[in-house]
Amino acid sequence: MIEAIKQDASERMDKSVEALKQTLSKVRTGRAHPSLLDHLTVDYYGSQVPISQVANISVEDARTLAVTPWEKQMVQVIEKAIISSDLGLNPATAGMVMRIPMPPLTEESRRDLVKVVRNDGEATKVAIRNIRRDANSDLKDLLKGKEISEDDDHKAQEDIQHITDKHVADVDRIVGQKEAELMEV
């Protein structure tokens, strides 16, 4: 019973950390990376699909992405989706290949992105603490129902706190890496 609660809390915290990694992968660092376009979708025969499902996205050099649609009629659609996105990118189309240069980040925009990264990290920490609260609440319910002893409850809460501390440290490490990446010139 206690192990199931700890396992569930750990898995949910892992998912929160993974969600943070996904979110931060979309934060632009000035370097070209195919995951920058992951959240963009285009209309493909009546349904919204990610660009990566209708085109090949590759890194041409450190500051340029190349997008090659598999069908000629998708060139305009993909180009329009990239231009109208919140990424501030302008693709240059030559036939079937779109080259997307990454504009260099200014010091001010780097600082703004660091603030965004820190906010995302703090939101993830809050989510992790909420998971801890839920797990401790489940333990209290077991204690009230006399299914576990007070000693078991105390030990389990310590274990859950260790799991929480580990995940919060992971979040701090990930946010620190992203900040360092953003402040690199």
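The values are calculated or read from the model by the stated rules, or taken from the named source; none is laboratory data. None of the values given here were measured: they were computed from a predicted structure. In this analysis, Cβ positions are derived from the backbone assuming ideal geometry, glycine residues included, and neighbour counts consider all displayed protein chains.
Observations on the model:
- None of GLN73, GLN22 is assigned by TED's automatic domain parsing to the domain that holds ASN130 and loosely packed, with under 14 Cβ neighbours inside 10 Å except GLN22.
- Checklist (1) without any contact (Cβ under 8 Å) to a residue 24 or more places away in the chain; (2) basic (Lys, Arg); (3) not assigned by TED's automatic domain parsing to the domain that holds ARG133 applied to LYS15, failing item: (3)
- In the range 114-129, the residues that are assigned to a helix (DSSP H, G or I) reach residues that are acidic (Asp, Glu) with C-beta atoms within less than 9 angstrom, at least six apart or across chains, in these pairs: VAL114/GLU179; VAL117/GLU179; ARG118/GLU179; GLY121/ASP172; LYS125/ASP172.
- Filtering GLU108, GLU122 for residues that are surrounded by fewer than 13 Cβ atoms within 10 Å (Cβ to Cβ) and either at pLDDT below 90 or touching a His at 6+ places or on another chain (Cβ under 6 Å) (or both) leaves a single hit, GLU108.
- Which numbered condition HIS162 fails, given (1) farther than 12 Å from ALA9 by Cα; (2) loosely packed, with under 12 Cβ neighbours inside 10 Å: (1)
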